[in-house]
1. Regarding region 133-149, can at least one residue be identified that is open to solvent by less than 50 Å² (accessible area, probe 1.4 Å) and outside any helix (DSSP H, G or I)?
2. Across region 120-132, which residue is surrounded by the fewest Cβ atoms within 10 Å (Cβ to Cβ) among those that are of a type in the set (A, V, I, L, M, F, W, C) and part of a helix (DSSP H, G or I)?
3. Of all residues in region 107-126, how many are touching a Phe, Trp or Tyr at 6+ places or on another chain (Cβ under 7 Å) and under 10 Å from A96 (Cβ atoms)?
4. Quick one: which of S80, S69 is touching an Asp or Glu at 6+ places or on another chain (Cβ under 8 Å) and more than 30 Å from H100 (Cβ to Cβ)?
5. If a residue has to be open to solvent by 50 Å² or more (accessible area, probe 1.4 Å) and touching a residue at least 60 places away in the same chain (Cβ under 8 Å) to count, how many in region 150-159 make the cut?
6. Go through the residues of region 112-119 one by one and say whether even a single one is aromatic (F, W, Y), on the phi < 0 side of the Ramachandran plot and open to solvent by less than 50 Å² (accessible area, probe 1.4 Å).
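The values are calculated or read from the model by the stated rules, or taken from the named source; none is laboratory data. The structure displayed is predicted, hence computed values, not measured ones. Because the Cβ atoms are built from the backbone with ideal geometry, glycine has one as well, and the counts that use them run over all protein chains shown. Keep in mind that these areas ignore ligands, DNA and RNA; they rest on the heavy atoms of the full protein, side chains included. Shrake-Rupley method; radii C 1.70, N 1.55, O 1.52, S 1.80 Å.
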Amino acid sequence: MTLEQVSYLSQTVAAAAVVVSIVYLAIQVGQAERNQRALMQQARTERGMVLAASMEAPHFAAIWVKVTSDNPDLSAMDVSILTSFLRRWALNLLDAHANHAMSLLSDEALERACAAARWGFAYPIARAVWGVTVRGTFTPEDATIFEAMAINVVPLGAGTDDAARTRAAREVLLAGG
């Protein structure tokens, strides 16, 4: 084999190595993107669980029962706690919206965040707290975006006695229905 042939062979091997490296890099970039999306989804799920778990604290649960049953007997402390909670809920949805706009969050994940906020902000007390104390903590643009996703698309709901509804549903199930 001549020196020229060795040179051609080494150039061919080098070109093949570059192609293999580029293919490997493309695979790694794709895998990194999938991993990043999975981590983001895991973080969003964790944030949602922490938000929901805060409703389990006895004092907050009592306040949330007032919200869902439309009991207007709220103390200043109740309104303060609701303001903080509803602000976190709105921030969570606005964050989901921003991630969706950057194609970092799927349509389905955004819809899950919207559905939860729509449920909570359908109650008159939640909307009242939003309008009186929470809305002013956001930019007008963010407030408008939040309202378009969570408030304006859902009719104002009436308070319900969830305990009574649960007991009634249980009776139906026990009766074989």
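1. Yes.
2. So, considering only residues that are of a type in the set (A, V, I, L, M, F, W, C) and part of a helix (DSSP H, G or I), the one surrounded by the fewest Cβ atoms within 10 Å (Cβ to Cβ) is V132.
3. Qualifying residue count, region 107-126: 1.
4. S69
5. 1
6. no
Here is a yes/no grid of residues against (1) closer than 30 Å to D161 by Cα; (2) of a type in the set (S, T, Y); (3) modelled with pLDDT under 85:
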{"residue": "E4", "(1), (2), (3)": "no, no, yes"}
{"residue": "A14", "(1), (2), (3)": "no, no, yes"}
{"residue": "A17", "(1), (2), (3)": "no, no, yes"}
{"residue": "E33", "(1), (2), (3)": "no, no, yes"}
{"residue": "L39", "(1), (2), (3)": "no, no, yes"}
{"residue": "F60", "(1), (2), (3)": "yes, no, no"}
{"residue": "W64", "(1), (2), (3)": "yes, no, no"}
{"residue": "P72", "(1), (2), (3)": "yes, no, no"}
{"residue": "S80", "(1), (2), (3)": "yes, yes, no"}
